[in-house]
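These notes concern the structure reproduced below.
Only the coordinates and a few stated rules stand behind these numbers; no lab work does. A quick note: this is a predicted structure, and the numbers were derived from the prediction, not measured. Positions of Cβ are backbone-derived with ideal geometry, glycine not excepted, and every protein chain shown enters the neighbour counts.
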Amino acid sequence: MTTHIPTREEAFNLLKEFNGNVSLVRHALAVEGVMRYMARKRGEDEDKWGVIGLIHDLDYERYPEEHCAKTKEILTERGWPADYIRAVMAHGWGLVTDVAPEHEMEKVLYAIDELTGLVTAVALVRPSRSLLDMRVKSVSKKWKDKSFAAGADRGVIEEGARMLGIDLKDLFEDVIMGMREVAAEIGLAGTGEQV
């Protein structure tokens, strides 16, 4: 089978084929938004990074016990490029795969995946229910409360920041800025929004 460079539309359709859960789709859109933001900031291929962000949890709803492995199988069958597949595998490093993030794109995905969940949780407890007025200090305050968004693995986020050689607060800022770009699509543009 020949390798095919997937479009954003193809990736989104594939995501919807395997995921009906609104929260999972919104998470994928949040990660895509941050990946696009981070790619632009680094002068990298925004479409490629965005597509990988969009499909990184492709298998999670249907195959949670085979997370990442099933995505590898699905994408391989459909002729996706090996580096896209490797990036998906690397985001599960130390949790469900032994594929360590090596390339910048893989390190970014690894670092921001869990953090998008934490930032979403912070937005949802704000009076505005919005990312648009969120500041780094709001995330930093909730970060210290280990019982808040306890499912967001802070160790993974810290390791990701270390891999990227950036301060946690800078990573918080990048994630907030990237998620702001898709705030309406993920239901975090404010209390008046109906998404």
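Structure data summary
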{"quantity": "Residue selected from the stretch 139-168 under the condition more than 17 Å from ILE112 (Cα to Cα) and touching a helix residue (DSSP H, G or I) at 6+ places or on another chain (Cβ under 8 Å), by the criterion surrounded by the most Cβ atoms within 10 Å (Cβ to Cβ)", "calculated": "PHE148"}
{"quantity": "Candidate set from the stretch 107-138 (those that are touching a strand residue (DSSP E or B) at 6+ places or on another chain (Cβ under 7 Å) and hydroxyl-bearing (Ser, Thr, Tyr)); member that is surrounded by the most Cβ atoms within 10 Å (Cβ to Cβ)", "calculated": "TYR110"}
{"quantity": "Residues of the stretch 165-181 classified as touching a Phe, Trp or Tyr at 6+ places or on another chain (Cβ under 9 Å) and either closer than 14 Å to ASP133 by Cα or of a type in the set (A, V, I, L, M, F, W, C) (or both), total", "calculated": "8"}
{"quantity": "Residue list for the stretch 15-63, filter: in contact with a Gly (Cβ under 9 Å, 6 or more places away or on another chain), within 21 Å of ALA82 (Cβ to Cβ) and among the charged types (D, E, K, R)", "calculated": "GLU32"}
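Yes or no, residue by residue, for (1) under 16 Å from the mean Cα position of the chain (by Cα); (2) outside any helix (DSSP H, G or I); (3) over 23 Å from GLY155 (Cα atoms); (4) not small (Gly, Ala, Ser):
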{"residue": "HIS27", "(1), (2), (3), (4)": "yes, no, no, yes"}
{"residue": "ALA39", "(1), (2), (3), (4)": "yes, no, yes, no"}
{"residue": "VAL51", "(1), (2), (3), (4)": "yes, no, yes, yes"}
{"residue": "ASP57", "(1), (2), (3), (4)": "yes, yes, no, yes"}
{"residue": "GLU61", "(1), (2), (3), (4)": "yes, yes, yes, yes"}
{"residue": "GLU106", "(1), (2), (3), (4)": "yes, no, no, yes"}
{"residue": "ILE112", "(1), (2), (3), (4)": "yes, no, no, yes"}
{"residue": "THR120", "(1), (2), (3), (4)": "yes, no, no, yes"}
{"residue": "PRO127", "(1), (2), (3), (4)": "no, yes, yes, yes"}
